[in-house]
2 protein chains.
Amino acid sequence: MIRVIVVDDHEIVRKGIIAYLQTEDEFDIVGEAASGNEGAELILQLKPDVVLMDLMMENGNGIEATKQVMEQLPSCKIIILTSYYDDEQVFPAIQAGAFSYLLKTSSATEIADAIKKAAVGENVIEPKVAGKMMTSFRSENKKAHDTLTERELEVLLCIGNGMTNQEISEKLYIGIKTVKTHVSNILSKLDVHDRTQAAVYVHRNQLL
Amino acid sequence: MIRVIVVDDHEIVRKGIIAYLQTEDEFDIVGEAASGNEGAELILQLKPDVVLMDLMMENGNGIEATKQVMEQLPSCKIIILTSYYDDEQVFPAIQAGAFSYLLKTSSATEIADAIKKAAVGENVIEPKVAGKMMTSFRSENKKAHDTLTERELEVLLCIGNGMTNQEISEKLYIGIKTVKTHVSNILSKLDVHDRTQAAVYVHRNQLL
DNA sequence: TTCAAACTCGGTCTGAAGGCGGAGGAAGAA
DNA sequence: TTCTTCCTCCGCCTTCAGACCGAGTTTGAA
């Protein structure tokens, strides 16, 4: 029997998952919690084998709870089960010590599978999330913008100031085509899809 | 007699202003300083009625000095007298508690006038700067929450996360045309001309 | 000298963005 | 009720962005 705790602030979701897991007799749902704080406490108390943890909850998010648990109970396998798969959620969660990372679009059997695999030490990473991780690993711990050339960084900062290609070309005394080339390279290096996301990147990483 | 202190790191400028002010007998120049730090100290000590303060000085800028003085001597009227009239200088200065804002292109009589008016509680704002303030009052200073409707704010935050119109329409369950309408309204209300600048706005104002 | 990287610029093409004008429905205020 | 604000959506149109091609320059390292 795999001892499991489910942490999710949406009762419907929580009950649904539990109901499903109980249809398989190798799971033992030993507890449930509706917030990160509550969850962390419960986990440390009951020491389950596996935890299904939502991110983005009302009282204390899943990342904080994960960190807290991993400090005191590193053997516990925490599976993140969330709707989000953007960088802002994935990396902090993994750094916090999450064992697997699933999306709520996953099927019930996939979730059950992930729990069984976690119990025997196998990580499961959602394909969409795996992509993020791969690109991140290629650049190691380096921030993505460290791979940018000086010129590209200049252009990126201009984007971060909300400038258009035309304005950038005038400021840097280069052709608008050249600016476009730089922008394209920046977008692929930073793994974002348009200049707006690049601008967001600038501010999130406090480059400006 | 209006007790005045002049703070400017350029000795020539400082002496020039003082020399001129002394030709009118209603001014009493009680002190002068060549840096923000020195100026703040002197002001708190001598408690003048009006201060002529430069921005951008070597040791401690005028904005810091202004903040410091206003905390302990809010009755003191600080007139900013500087060469710059861009957003980076104007708004922080006013928020710091500056009473009037003049440019160094102002004539001597205008400066003298501003001092007299400050002494009786009248603000003087340089026309060029006033323009900045007006547009700012329509957008930035109202902090967006007042100008934008709730829905528009939702859309703005999505933009601040780098989402496309398509993605926003899916998230908010509305048509892409509707998103465009909101975006257009947001752009005009914030006085920016594309979504990238809107995203920058979001982060500069720490709405995310 | 050879090679790679970085910066520059060109053309073409597709889709997204955004301006402009209009319009209907819902809800609340006068 | 009438009026106003807000949210919703439509079509038409222009411009910008960005992808995908290729290619010339310089500089510095191998």
| query | In the full protein assembly as shown, how much of residue A:154 is accessible to a 1.4 Å probe, in Å² to the nearest 10? | reply | 80
| request: Please report, to two decimal places, log10 I(q)/I(0) for the stretch B:23-65 at q = 0.24 Å⁻¹ as given by the Debye formula with identical point scatterers on the Cα atoms and no solvent. | output: -0.79
| message | Just to be sure I understand the rule: take each whole DSSP H helix in chain B, project its Cα atoms onto its long axis, keep it if the span is 30 Å or more and its mean Kyte-Doolittle hydropathy is at least 0.5. Which ones pass? | response | none
| message | Would any residue of the stretch A:178-208 have its amide N under 15 Å from a label point 7 Å out along Cα→Cβ of residue A:149? List them or say none. | response | A:178-189
| field | Inter-copy label distances at residue A:58 (7 Å, Cα→Cβ; nm, one decimal) | value | 6.0
| query | Roughly how many Å² of residue A:203 are accessible to a 1.4 Å probe, to the nearest 10? | reply | 30
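Is chain A rounded, prolate or oblate when judged by the Cα gyration tensor, a ≥ b ≥ c being the square roots of its eigenvalues, rounded requiring a/c under 1.5 and prolate requiring a/b larger than b/c? Spell out each step's value before the answer.
On the way: a/c = 2.94, a/b = 2.76, b/c = 1.06.
Verdict is prolate for chain A.
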| said: Report the Rg/Rh value for the stretch B:1-87, based on alpha-carbon coordinates and the Kirkwood definition of Rh. | reply: 0.94
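When only the heavy atoms of the protein chains count and the probe is 1.4 Å, how do B:150, B:32, B:170 rank by accessible area, highest first?
Values: B:150 155, B:32 60, B:170 110 Å².
Per-residue accessible area, sorted high to low, gives B:150, B:170, B:32.
Averaged across B:199-206, how many Cβ atoms of other chains sit within 10 Å of each residue's Cβ atom? Numbers along the way, then the final one.
Values: counts 11, 11, 1, 3, 8, 4, 0, 1.
Going residue by residue through B:199-206 and averaging, the value is 5.
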| query | Given the rule -39500 (n - 2.57) for each run of at least 4 DSSP H residues, summed and divided by the residues of the protein assembly as shown, what is its mean residue ellipticity at 222 nm, to the nearest 500 deg cm²/dmol? | reply | -16000 deg cm²/dmol
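Evaluate the Kirkwood expression for the hydrodynamic radius of the protein assembly as shown, namely the inverse of the mean inverse distance over all pairs of different C-alpha atoms, and round to one decimal in Å. Each step should come with its number before you reach the end.
Details: mean 1/r = 0.0388 Å⁻¹.
After inverting the mean inverse Cα-Cα distance, the result is 25.8 Å.
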| request: Could you pull the copy-to-copy label distances for residue A:103, with points set 7 Å along Cα to Cβ, in nm to one decimal and sorted shortest first? | output: 5.3
| Residue with peak Gaussian network fluctuation, chain A [Cα springs, cutoff 10 Å], from A:102, A:44, A:52 | A:44
| request: Give me the accessible area of residue A:27, 1.4 Å probe, in Å² rounded to the nearest 10. | output: 10
| Roughly what would the spin-label model give for residue A:28 and residue A:172, points 7 Å off Cα along C-beta, in nm? | 6.2
| task | Rank B:108, B:40, B:96 by mean-square fluctuation in a GNM of chain B with C-alpha springs under 10 angstrom and give only the top-ranked residue. | result | B:108
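The values are calculated or read from the model by the stated rules, or taken from the named source; none is laboratory data. Since the structure is predicted, the reported quantities are computational estimates derived from the model, not experimental observations. Cβ sites come from the backbone with ideal geometry, for glycine too, and all protein chains shown count toward neighbours. For the accessible areas, the whole protein counts, side chains as well, though only heavy atoms, and no ligand, DNA or RNA atoms are used. Shrake-Rupley method; radii C 1.70, N 1.55, O 1.52, S 1.80 Å.
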